[in-house]
1. Sort T300, T292 by accessible area with a 1.4 Å probe, largest first.
2. So for H127, H343, what's the accessible-area order with a 1.4 Å probe, most first?
3. Excluding L91 itself, what net charge comes from residues whose Cβ is under 12 Å from its Cβ, given Lys and Arg +1 and Asp and Glu -1?
4. Heavy atoms only, probe 1.4 angstrom, no DNA, RNA or ligands counted: give me D178, D111 ranked by accessible area, highest first.
5. Count the net charge of all other residues whose Cβ sits under 10 Å from the Cβ of N119, scoring Lys and Arg as +1 and Asp and Glu as -1.
6. Relative contact order, percent, of the range 261-372 when contacts are C-alpha pairs under 8 Å separated by at least 6 residues?
Amino acid sequence: MSSVNLMAREVAAKIVFYGPGLSGKTTSLRKIYETVRPAHRGEMMSIATEGDRTLFFDFLPVKVERVGDCSVRLALYTVPGQVFYNATRKLVLQGADGVVFVADSQPEAMDANRESLANLEENLFEHGIRLDRFPLVMQWNKRDLDGVLPVEVLRKELNPRGVPELETSAANGRGVLDTLKAITRLVIKDLRAKRIVPPPRPTASAQPAGLEAQLTQHLQHRQQPGAAASQPAQGGGPVPRVAPVAVMPPPRVEPTPIPAPQPGPKLLGAASALAPGDMFDHARAAEAAFMTGDYATCVTACTDAIRRALAFAGEGSLGQQAFLLRVDGADLLRLQGLATQQHLRVDDAAFSLYVMMQVFIRLNAVGLPNGE
């Protein structure tokens with residue numbers, strides 16, 4: 001499911017490229033990566049195996065259009081095509097907002113296409129999602145090869161409900177970006193329908209105006225000496241004089257002294273309230289450093305707590321642990337960069353607290369650590 005970063009005013013949506021092995025999923029992502037401007041893309045990660053070119057996942061964040069006053073960032077994934085990697089496919093599919101089904105247009109691949117599409121529907125259903133109510137685009141790939149099946153045959157076998165479909169050749173990139181645009185439109189339409197986007201921030205036009213401004217101008221005009229006498233009466237006659245009205249000064253109100261705060265138990269901050277037991281001290285230290293303006297200590301405490309929290313996902317690299325917990329890899333990379341800087345600002349420390357809380361939330365959602 002998509003997530004909203006209120007601090008960055010950003011909506012993150014996840015799109016998965018699904019399909020049988022060697023149908024062109026990874027090649028499609030590589031073409032997108034090569035085409036998208038470097039400023040709008042992140043680092044692409046891929047792991048190759050003997051039987052397929054993707055074992056774990058490919059990840060490519062791409063920024064697209066805005067929804068309200070929030071920018072939308074797409075995280076693009078592919079899944080391994082082989083049947084015996086179904087557990088990984090199911091894990092990658094978790095939280096998806098849309099799917100591009102990459103079908104191999106060659107006749108000998110039709111059975112694999114049917115099997116993969118049925119597997120997609122089954123795995124989505126286990127996540128509580130019906131395929132017929134989910135953003136889906138069909139990508140008829142390898143149209144540049146000889147002897148491929150007609151589109152009518154592919155449509156009859158794989159697209160009976162008539163979702164958007166496009167002919168592509170991932171090897172040369174033809175039609176791949178059009179496919180990404182099609183699924184992006186469906187995902188953004190679905191996000192708007194779900195109304196998960198936060199309300200827009202107030203703009204300058206939302207400041208008090210209209211009647212209030214007119215009243216202010218009127219009072220200022222009335223307070224000017226001789227303002228009434230300077231206005232000519234209609235018909236050229238003399239201006240009637242109005243006797244001044246005595247205005248009583250407001251009664252003097254003595255200020256009520258505010259009692260000094262009494263010592264008592266300190267309330268938990270948002271981060272420490274979410275922290276598992278092993279990370280509680282780190283969370284409190286990060287919050288205390290933030291309140292005192294020691295932003296470098298705050299970032300260091302957050303980084304240490306996040307590293308310890310990700311370790312509960314099991315052995316592996318930091319990126320693999322983050323993926324299993326569905327933690328944004330781009331946020332982790334940015335946080336690692338902040339940890340190496342000497343001069344940090346308040347927004348850097350606030351971002352570190354945000355990432356740490358997101359990791360704590362993911363741990364709580366999956367029931368880790370056990371026994372806490």
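The values are calculated or read from the model by the stated rules, or taken from the named source; none is laboratory data. As the structure is a computational prediction, the values presented were derived from the model and not from experiment. In this analysis, Cβ positions are derived from the backbone assuming ideal geometry, glycine residues included, and neighbour counts consider all displayed protein chains. Note: areas computed on protein heavy atoms with side chains; ligands, DNA, RNA excluded. Shrake-Rupley method; radii C 1.70, N 1.55, O 1.52, S 1.80 Å.
1. On the way: T300 90, T292 110 Å².
Solvent-accessible surface, decreasing: T292, T300.
2. On the way: H127 70, H343 155 Å².
I get H343, H127, largest accessible area first.
3. Details: positive: R89, K90, R326; negative: E126.
For residues surrounding L91, the net value is +2.
4. Ranking D178, D111 by accessible area, largest first, yields D111, D178.
5. Working: positive: R89, K90, R114; negative: E115, E121, E122.
Surrounding charge for N119 is 0.
6. Details: 122 pairs, mean separation 35.9, N = 112.
So the answer I get is 32 percent.
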